[in-house]
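Some notes on the structure that comes next.
The values are calculated or read from the model by the stated rules, or taken from the named source; none is laboratory data. All of these numbers come straight from a predicted model, not from anything done at the bench. Here the Cβ is made from the backbone with ideal geometry for all residues, glycine too, and neighbour counts use every protein chain on show. Calculation scope for accessible area: heavy atoms of the full protein, side chains included, ligands and nucleic acids excluded. Shrake-Rupley method; radii C 1.70, N 1.55, O 1.52, S 1.80 Å.
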Amino acid sequence: QVQLVESGGGLVQPGGSLRLSCVASGIMFSINAMEWYRQPPGKQRELVASITGRGAINYANDVKGRFTISRDNAKKTVYLQMDSLRPEDTAVYYCHALAYPLEWGQGTQITVSS
């Protein structure tokens, strides 16, 4: 059974930082590409960042230079370090395993507001 458990969300002021974590179970974590998605209020879910099992990384254009995705295969955890946060980053953030397209965690809410 695949489980993805996100944590680390919260309320932060513009310009602030947060670090999200996602612990995975039920998958061969080290060989799986992992992704972070977000769903802003009233909008569709969108891909934010991805990292392959070998460490190749891609970012959405609007988070490049501000967000950093990383993984710890021993802990079966993927991280998203978010710096210089903007109000438009407000969303529910989800992690996702590329090989398991139907499996999603509960998400974690990020609210960027002064």
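How many residues are open to solvent by less than 80 Å² (accessible area, probe 1.4 Å) and either part of a strand (DSSP E or B) or of a type in the set (A, V, I, L, M, F, W, C) (or both) if we restrict to region 61-86?
Matching residues across region 61-86 total 14.
Please list, ordered by first then second residue, the pairs with beta carbon atoms under 9 Å, 6 or more apart or interchain, first in region 66-77 and small (Gly, Ala, Ser), second surrounded by 16 or more Cβ atoms within 10 Å (Cβ to Cβ) and at pLDDT 95 or above.
Close Cβ pairs satisfying both conditions: SER70/ILE51; SER70/VAL78; SER70/TYR79; SER70/LEU80.
Can you tell me which residue within region 103-113, out of those that are more than 14 Å from the chain's Cα centre (by Cα) and assigned to a strand (DSSP E or B), is farthest from GLY26 (Cα to Cα)?
Out of the qualifying residues, it is VAL112.
Looking at region 1-57, which of the residues that are modelled with pLDDT of 95 or more and of a type in the set (Val, Ile, Thr) is nearest to the chain's Cα centre (by Cα)?
VAL48
Please enumerate the residues belonging to region 30-44 that are open to solvent by less than 30 Å² (accessible area, probe 1.4 Å) and either more than 16 Å from GLY8 (Cα to Cα) or not basic (Lys, Arg) (or both). If you could, list the steps in order and put the result at the bottom.
So the first thing to find is which residues in region 30-44 are open to solvent by less than 30 Å² (accessible area, probe 1.4 Å), and the list is 32-36, 38, 40.
Once the filter is applied, which keeps residues that are open to solvent by less than 30 Å² (accessible area, probe 1.4 Å) and either more than 16 Å from GLY8 (Cα to Cα) or not basic (Lys, Arg) (or both), region 30-44 yields ASN32, ALA33, MET34, GLU35, TRP36, PRO40.
Quick check on ALA56: is it hydrophobic (A, V, I, L, M, F, W, C) and in contact with a Cys (Cβ under 9 Å, 6 or more places away or on another chain)? Walk me through how you get there before you give the answer.
On the way: hydrophobic (A, V, I, L, M, F, W, C): yes; in contact with a Cys (Cβ under 9 Å, 6 or more places away or on another chain): no.
So ALA56 fails the test.
Could you tell me which residue of region 18-29 is farthest from HIS96 (Cα to Cα), considering only residues that are open to solvent by less than 60 Å² (accessible area, probe 1.4 Å) and either in contact (Cβ under 8 Å) with a residue 40 or more places away in the chain or touching a Lys or Arg at 6+ places or on another chain (Cβ under 9 Å) (or both)?
Taking region 18-29 and keeping what is open to solvent by less than 60 Å² (accessible area, probe 1.4 Å), we get 18, 20-22, 24-27, 29.
Add one more test, that the residue is either in contact (Cβ under 8 Å) with a residue 40 or more places away in the chain or touching a Lys or Arg at 6+ places or on another chain (Cβ under 9 Å) (or both), and what stays is 18, 20-22, 24-25, 27, 29.
Working: LEU18: 19, LEU20: 13, SER21: 12, CYS22: 9, ALA24: 9, SER25: 12, ILE27: 11, PHE29: 11 Å.
Taking the candidates together, the pick is LEU18.
Just checking, how many residues over region 87-114 are open to solvent by 50 Å² or more (accessible area, probe 1.4 Å) and not aromatic (Phe, Trp, Tyr)?
Just the residues of region 87-114 that are open to solvent by 50 Å² or more (accessible area, probe 1.4 Å), to begin with: 87-88, 98-104, 106, 109, 113-114.
Then drop every residue that is not not aromatic (Phe, Trp, Tyr), which leaves 87-88, 98-99, 101-103, 106, 109, 113-114.
The qualifying residues number 11.
Sort out which residues of region 87-102 are part of a loop (DSSP other than H, G, I, E, B) and among the hydrophobic types (A, V, I, L, M, F, W, C), and write them in order of number. If you could, list the steps in order and put the result at the bottom.
Residues of region 87-102 part of a loop (DSSP other than H, G, I, E, B): 90, 98-102.
Within region 87-102, LEU98, ALA99, LEU102 meet the criteria.
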